[in-house]
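Heads up: the structure comes next, in structure tokens.
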Amino acid sequence: MPAWLKDAVFYEIYPQSFYDTNNDGIGDLQGITDKLDYVKSLGCNAIWLNPCFDSPFKDAGYDVRDYKKVAPRYGSNDDLVKLFEKAHELGIRVILDLVPGHTSEEHEWFKKSCEIERNEYSDRYVWTNGAFCGIGGHPYIGGEAERDGCYMLNFFKCQPALNYGFGKCTEPWQKSPDAPACIATREALKDIMRFWLDKGCDGFRVDMADSLVKEDDENKSLTGKIWMDIKEMMDKDYPEAALVAEWCDPGQALNYGFHADFYLDHWGNGYNTLIRDYETEGGDHSFIKKDGHGDIMRFLDDYLPRYERTKDKGYISFITCNHDTPRPARTLSNKELKLAYAMILTLPGVPFIYYGDEIGMRYLNVKTKEGGYHRTGSRTPMQWDNSDGRGFSCASKDKFYLPVDDASDAPTVESQEKDPSSLLNEVRRLTALKHEYADLNADASFEVIYAEKENFPFVYRRGNLIIAVNPSGNTCSADIGILPLGAAPIYSIGESSFADGKITTAPQSFAVYKKA
Ligand code: NOJ
């Protein structure tokens, strides 16, 4: 386990929308390097960079055409190495996005694999033996290649599935994960990882990490075996590099060698009930909503078993949002965002802040771009200043990758820098708190102190810190017993007090007390 993860606060950067330095309207690596001081000022000491590799961009770069080449629109491999170096000087780690389950249909491996003559890449992807048969209920394409077969898709039409084998082989074209062709796929993946790790990257966020072995992969144990093999390489040669899964089952992912796994916004799961429960009937019941009548037990019933399963093995990663999820500012007020982030940054695990969430960037209603569809509204350019282009780029606005938020009250870094009570400055104070107290480390102890169905506040303990959050519109108290707490909170949003074993919290407040 890389020790640095304990105190890591990640910042997710979507490269095309962050900062454009060559005035083509698309963000670039130089732009990210130029803004590293800003990332540091946020208290983020790690970055997850969405795919920045050569791609036809039919899925915004998750359709990789060349894993070893930076997309020219972002710069060059040297620019990425410079980014790593400058980040490291500032004490910031950089993890790249690794897409192991599929490539672009324009990847050289795939082109070779479409050929009639057998070659090294014929079995690199999942192909059937005939162009007219289906592929066991999976999405597939037939009739596009000279080769007489259908190939399996892993996501969009442009993303053929790489071949890591099948759990049970019932068709002649299916291979076992131990077949030489499937081992070759795995070795090719390791080769890509080594390529970037040797250039200075600090690990990977792994796209659809659970999607490798197809069918009859009970508990994903065969896919897990592949990751454990990869982890062996990492432990031996890159022990400081982090592996963060997009698996969304931390109990499983951590057993298979990942250091952390995301708690994604899946309808009805604990994370969803905290800040994103606006799709159930009868309004928004998110715990953090002032008028949502939220119920912390809905969160805890889902979260606590996950936490118990993972606490000695690695970390659950809470996110403010990501590039696939509607921005939290779509439904939460500024105050609610502060409380949500306060929880995300003080619960166990490794938190991720999505670029722009620190200023409460809005979800915009914009036309789909590069396979984004509804996700596109969360991918708009970063709002740096109050100029027309929001400081994202000097290109004319019609060349911008996506439209900027040009509402007169659009949040910007420039405005919020000047306002001590801004969301941006709250995020900075929260990350500073997290770094100051080892009790808020990813692996520091956690215990629920007070949690009552449809009652507030929710009180929990991290090490010697007692944390209370009251998102409701009422003053609420909780009897927490005779804990010897300091008289004043060490951190607060809104008023609170502690006396005679009772914490009293003002409407929409958050407080951290230290044991005396
Ligand atoms: C998950 C990524 O987060 C998403 O953006 C992408 O479209 C799919 N995986 C396919 O790679």
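Some notes on this structure:
- When only alpha carbons are used to place a centre, region 164-238 and region 311-371 end up 29 Å from one another.
- Stretched out straight at 0.36 nm per residue, the stretch from Asn22 to Glu417 would grow longer than its current Cα-Cα span by 139.6 nm.
- Each label was represented as a point 7 Å from its Cα along the Cα-to-Cβ direction; for Lys514 and Glu215 these points are 6.0 nm apart.
- Kirkwood hydrodynamic radius (C-alpha pairs) into Stokes-Einstein, the chain, 37 °C and 0.692 mPa s, D in µm²/s: 137 µm²/s
- Semi-axis lengths (Å, descending) of the ellipsoid that matches the C-alpha gyration tensor of region 351-408: 17, 16, 10
- Considering only the chain, percent of DSSP beta bridges that pair antiparallel, nearest 5: 60 percent
- Using distinct alpha-carbon pairs, which all enter the 1/r mean, Kirkwood radius of region 102-163 in Å: 11.2 Å
- According to the Cα-based calculation, Rg over Rh for region 445-514 is 0.91, with Rh computed by the Kirkwood formula.
- Once the Cα atoms are used to define both axes, helix 77-89 deviates from the longest principal axis of the chain by about 30 degrees.
- Using a probe radius of 1.4 angstrom, the carbon and sulfur fraction of the accessible surface of the chain is 48%.
- Mean projected area (nm²) of the alpha-carbon convex hull when region 1-112 is viewed from all directions: 7.7 nm²
- Each part gets one Cα centre, and for region 495-515 versus region 82-131 those centres are 52 Å apart.
- Per residue accessible area of the chain, 1.4 Å probe, in Å²: 37 Å²
- The protection proxy used here, the mean number of other Cβ atoms lying within 10 Å of each residue, ranks peptides 66-78, 369-381, 13-25 as follows, highest first: 13-25, 369-381, 66-78.
The values are calculated or read from the model by the stated rules, or taken from the named source; none is laboratory data. Computed from a predicted model, the values in this text were never measured in an experiment. Virtual Cβ from ideal backbone geometry, glycine too; neighbours counted across all protein chains shown. These area figures cover heavy atoms from the full protein model, side chains too; ligands, DNA and RNA do not enter into them. Shrake-Rupley method; radii C 1.70, N 1.55, O 1.52, S 1.80 Å.
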